[in-house]
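Structure first, then comments.
Values in this text are rule-based calculations from the coordinates and carry no lab data. Predicted model only: the values in this text are computed from it and were never measured. Here the Cβ positions follow ideal geometry from the backbone for every residue, glycine too, while neighbour counts run over all protein chains shown.
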Amino acid sequence: MVDTVGEESNTNAQVAQSATVCAAAAQPAELFSLLEQLMVGEYKVCIFLTTARLTQLYAELFNGLGVSGVLEIHSRKSQPQRTRVAEQFRAGSRMLLFTSDVSARGMDYPDVTAVVQVGLPSDRAQYIHRL
C-alpha cells in the first residue's frame with residue numbers, strides 16, 4: 001500500500017481507496033483486468049492518466065480491444081469536443097471515461113461508480129480533485 005494522501009487530507013473517508021504498483025509495461029493488462037471487474041451492471045468509470053498522449057493511447061487501445069462505451073477527454077481535444085463528451089458521460093451509463101487532469105477540477109459527473117488513477121498525480125490536491 002502506498003499512501004499518497006496522508007492522514008490530514010480532506011478526502012472523503014467513506015470512499016474506499018486502494019493502490020496497485022506494477023511495472024509500466026504491465027499497466028495496460030492490469031488496467032484491463034481491473035476494469036473487467038468494475039464493468040458490472042450499470043457503471044460509469046473515470047480513468048485518470050497523467051498526460052493527454054497517454055489518455056489518447058489508452059482510449060484507442062481499449063476501443064481497439066472492442067470495449068464498448070469508451071470516451072476520452074484531454075487538452076488536445078477542442079473545447080466543443082470536451083463539452084460534448086462530458087455531456088455524453090453525464091447522461092449515459094456503461095461508460096469508461098479516459099481523461100487527463102483537464103476534467104479533474106470543477107467537473108461533476110453523477111453516478112460514477114469508480115475512479116481509477118493510472119500514474120501518480122502531480123500533488124495531493126490533484127489526487128483529491130480526481131477523486
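List of remarks:
- A Förster distance of 30 Å, applied to the separation of the beta-carbon atoms of Q81 and A24, puts the FRET efficiency at 0.60.
- As a calculated quantity, the FRET efficiency between A16 and M107 at R0 = 30 Å, using C-beta atoms, amounts to about 0.90.
- Under 5 Å, built H, 5+ apart or other chain: amide partners of V116: C46, I47, F48
- Derived scalar couplings ³J(HN,Hα) [the stretch 85-90; Karplus, 6.51 cos²θ - 1.76 cosθ + 1.60; whole Hz; x for Gly, Pro]: 5, 4, 5, 4, 5, 4
- log₁₀ of I(q)/I(0) at q = 0.14 Å⁻¹ - the stretch 11-131, Debye sum with one point per alpha carbon: -0.55
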